[in-house]
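In what follows, a structure is listed as structure tokens, so that the remarks can point back to it.
No lab work stands behind these numbers, since they all come straight from the coordinates. Please read these numbers as outputs of a predicted model, since none were measured by experiment. Heads up, the Cβs are rebuilt from the backbone with ideal geometry, glycines too, and the neighbour counts pull from every protein chain shown.
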Amino acid sequence: MILLTTLNSQYVHTALALYTLQAYCRPDFPDLQVLEFNINQSLDWILGEIYRKKPRILGISTNIWNITQSLELVDRVKKVRPETVVILGGPEATADYAAILKRPGAPDYIVLGEGEATLRELLVKLEGGQPDLSSIAGLAWCQGGEPERTPDRAPIDLATLPFPYPDLTAFRHRILYYEASRGCPFRCTYCLSGWEKAKLRTLPLDRVKADLKRFVTAGVRTVKLIDRTFNVDRARAAAVLQFLLEQGEETEFHFELVGELLDEELIRLLKAAPAGRFRVEIGVQSTCVEALKAVRRYQDLAKLQANCLALPTREEGLDQPRPLVHLDLIAGLPYEDLATFGRSFDWTFRLRPDELQLGFLKLLKGSPLREQAAEYGYAYTKTPPYELLRNKWLSYADLLVLKGVEEMVEKFFNSRHFRYTLAYLFRDETLSPWAFFAALARFGRAQGFSGQARKQTALYHGLWQFLTSEFLPKAG
């Protein structure tokens, strides 16, 4: 049999890449199966499950969260089933194919970039006993101990891809991923889009509607569209939102939006959705003009602010028609120090999101910013996720401050357990959210309720103690 597998970051997630590959290759290889695992499972157990399947060909999808375990898994598979042909794919394998192929216990082949057509052609060659691989675009392997690769493959026509999931009833209570487009018109240097050459491609609109209808009909709980810029074509985005509003049912759809590209029509449609129907994620990343310029992220902050504030907020009531709004910040961009980031944090918090993610810069393999690491003084972790440790503007001590704020935001704001207290504290703009959460982080570290999971009652007690003994007396 032919087996495709991966290690998801959590059980609730699904591996869209595997199901897309399976659907694309199924006409020629009906025995191709998908078997999902996750990074919280024992590698010994995973190896045993694969071994019992006795695959003649094993494909493994890699990403930043699973590359280390995946390479160890490849090594173990080659030791216990040397006859199995192992193929790697995914962004981590693509970005580092030469080094991976030179490792002891290396995979036999690496599919570079988009994998559907490359994998199918490779399987045809392998099953037919044809040794010549030079005609397969987008493929790497070792020849005489040295990595070989063929030219990049031309971008695939998305309309040729079938609906990925074979039976939706098995996925109703998991997060299903879907892509209505591939690529991104922007070239932010911290993202893999910074080096991608393919233009933005979209599935035909009628096909997208039909696919999304299948999710709704099957009663799937959550569908996350992984399009990097869902609303870059505003008319198309409006057509999709309008279609989903007409469907009824309770499936939640998650979209990644470009905040400044929202318009009156899109905002109207988002506000018309029943509570729990739409979840939107908007990347603010920073308000530091120098930082944004350095990473080639050009955005109209005034328009972004106006559009975000035009969306309904949690203060208007969770039972009212409204999308859930999630905003992102990235700590560690060039030219942004602790004080500058604090201003970005305050500005973004005052857009009144339901959730605020304080993320930390990852120096991704293949990203342009990683190639500029020395210029900006970046130190980052050697192993995935290649996270920032310091740069010219942030020391490691500064990073610890940011980590403390991130923890307090997750426990007290994003959890939504303290929304009424926080809404009262931030009822006007006299209190700096950054100053508040930084002070709470210092207090939490001193009192021992940071750095570990705590019962909800302990967090309520900790916040009350902070407000009554530390924050309010000093503020007054």
### Summary
A student applying the Cα gyration tensor rule (rounded when a/c is under 1.5; otherwise prolate if a/b is larger than b/c, oblate if not) would label segment 125-196 oblate
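Translational D (Stokes-Einstein, µm²/s) of segment 2-149 at 20 °C and 1.002 mPa s when Rh comes from the Kirkwood sum over C-alpha pairs? Before the final figure, lay out each step's value.
On the way: Rh = 15.2 Å.
Rounded, D is 141 µm²/s.
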### Message
Once the convex hull of the alpha carbons of segment 348-476 is built, what does its volume come to per residue, in cubic angstrom?
### Response
137 Å³
### Task
Would you list the P(r) distribution for the chain, with all Cα-Cα distances sorted into 20 Å bins from 0 and each bin expressed as a whole %?
21, 53, 24, 1
### Message
Give me, ordered by chain and number, the residues 5 or more places off Glu148 or on other chains with an amide H under 5 Å from its own placed amide H.
### Response
Trp141, Cys142, Gln143
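How large is the translational diffusion coefficient of segment 167-394 in µm² per second when you combine the Kirkwood radius over alpha carbon pairs with Stokes-Einstein at 25 °C and 0.890 mPa s?
On the way: Rh = 18.8 Å.
This corresponds to a translational diffusion coefficient of 131 µm²/s.
If you put +1 on each Lys and Arg Cβ and -1 on each Asp and Glu Cβ, how big is the dipole of segment 167-394 around its Cα centre, in Debye rounded to 20? Kindly include the intermediate steps, with their values, before the conclusion.
Numbers: 35 positive and 31 negative charges, 139 e Å.
About 660 debye.
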#### Entry: For segment 379-388, Karplus couplings with θ = phi - 60° (6.51, -1.76, 1.60), whole Hz, Gly/Pro x
10, 8, 5, 5, 9, x, x, 6, 7, 3
### Query
If you count the DSSP beta bridges with both ends in the chain, what percent of them are antiparallel, to the nearest 5?
20 percent
### Sites Ala275 and Arg390 - FRET efficiency at Förster radius 51 Å, r taken between beta-carbons, to 0.05
0.75
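Under unit Cβ charges (Lys, Arg +1; Asp, Glu -1), what dipole magnitude, rounded to 20 debye, does the chain have relative to its Cα centre? Present the calculation step by step, with values, prior to reporting the outcome.
Numbers: 60 positive and 58 negative charges, 132 e Å.
Magnitude of the dipole: close to 640 debye.
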#### Entry: Counting DSSP beta bridges with both ends in segment 1-149, the antiparallel % (nearest 5)
25 percent
### Query
Can you give the helix-only mean residue ellipticity at 222 nm for the chain, where every DSSP H stretch with n ≥ 4 adds -39500 (n - 2.57) and the sum goes over all residues, rounded to the nearest 500 deg cm²/dmol?
-10500 deg cm²/dmol
## Note on the structure
Cα convex hull volume per residue for segment 416-476, in Å³, equals 89 Å³
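In segment 167-394, what % of DSSP beta bridges are antiparallel (nearest 5)? Let's see the in-between values first.
Details: 5 of 29 bridges.
For segment 167-394, the DSSP antiparallel bridge percentage is about 15.
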### Charge sum, other residues only, whose C-beta stays under 15 Å from Leu301's C-beta, Lys/Arg counted +1 and Asp/Glu -1
-1
### Task
With unit charges on the beta carbon (Lys/Arg positive, Asp/Glu negative), name the residue among Leu333, Asn307, Leu112 whose Cα is farthest towards the positive pole of the charge dipole of the chain.
Leu333
